[in-house]
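Reviewing the structure listed below.
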Amino acid sequence: MAKKVSTIVTEYIVKEIKQGKYQLGDKLPSERELMEFLNVGRSSVREALSTLVDMDVLEKRMGIGVFVKKIELNHLVDSYVVSALLDTEVSRDLLEFRLLLEVEMAGRAATMAKDKDLEMMEEALTLHVDAIESNKPTLESDEKFHKSIALATGNSVLLKVYNFISDLINSFKQDLLKVESKHSSLHYHQRIYQAIRSGDEAIAREAMREHILDVTERFEKMNLFKQDTTNS
């Protein structure tokens with residue numbers, strides 16, 4: 001299957017950053033310059049830039065341009081990863097892998113979590129409640145909660161794998177936020193936390209499984225909506 005044009009643009013920008021052409025804080029060429037140099041349309045350039053902004057690699061400054069925000073990309077982005085971020089099928093695979101990984105993480109955390117790990121989970125839950133009350137996105141609290149579970153496993157390799165997968169999933173979490181049920185996510189997080197706090201490995205696994213399946217279902221609905229919109 002041929003690559004999307006926006007994927008080619010994204011890979012080009014990533015390659016330029018990796019090779020040192022653009023350093024931290026450097027301004028990228030304008031949309032028009034990228035269009036002319038790569039011989040692509042404006043929509044492809046904008047989609048590529050938006051993807052890298054969502055990944056925290058680039059930063060858009062209103063009325064000024066797009067700037068490099070992160071240059072250590074080897075652990076985060078390569079050509080396959082970029083393609084994955086823009087491919088629905090691979091995104092599904094990522095969610096499936098996340099299910100396998102985080103269910104086991106939750107079970108292990110239930111047997112390994114220390115007081116400091118539980119405190120981090122509690123902080124994340126408080127952030128989540130605050131976000132709901134102030135009608136703000138819950139991305140920060142969600143990341144903090146799941147990261148605290150990865151830390152609670154005490155397994156450094158597992159943590160590295162989680163960080164890598166988390167970076168990929170964050171690329172389309174921005175879209176998921178549009179169909180997110182903040183109260184539902186909070187409910188799942190509270191159940192998972194209580195199970196880990198109680199040391200109940202089985203319930204921690206089951207609660208996490210239900211949570212990730214709920215996220216996956218919302219992802220599928222989001223993509224069905226996008227298809228309907230495109231076809232209409």
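The values are calculated or read from the model by the stated rules, or taken from the named source; none is laboratory data. Quantities reported herein were computed from a predicted structural model and do not represent experimental measurements. Counting neighbours? That spans all protein chains shown, and the Cβs are built from the backbone with ideal geometry, glycine included.
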Residue in segment 1-11 that is over 16 Å from K60 (Cβ atoms) and free of Cβ contacts under 8 Å to residues at least 24 places away in the same chain present: yes
Count - residues of segment 17-34 that are loosely packed, with under 15 Cβ neighbours inside 10 Å and farther than 17 Å from E47 by Cβ: 8
Segment 69-87: number of residues that are part of a helix (DSSP H, G or I) and either within 14 Å of the chain's Cα centre (by Cα) or modelled with pLDDT of 95 or more (or both): 4
Selection count, segment 18-45, where residues are at pLDDT below 85 and not in a loop (DSSP other than H, G, I, E, B): 1
Selected residue [modelled with pLDDT of 90 or more, outside any loop (DSSP other than H, G, I, E, B), among the aliphatic types (A, V, I, L, M) and within 22 Å of the chain's Cα centre (by Cα)] from L49, L95, L118: L49
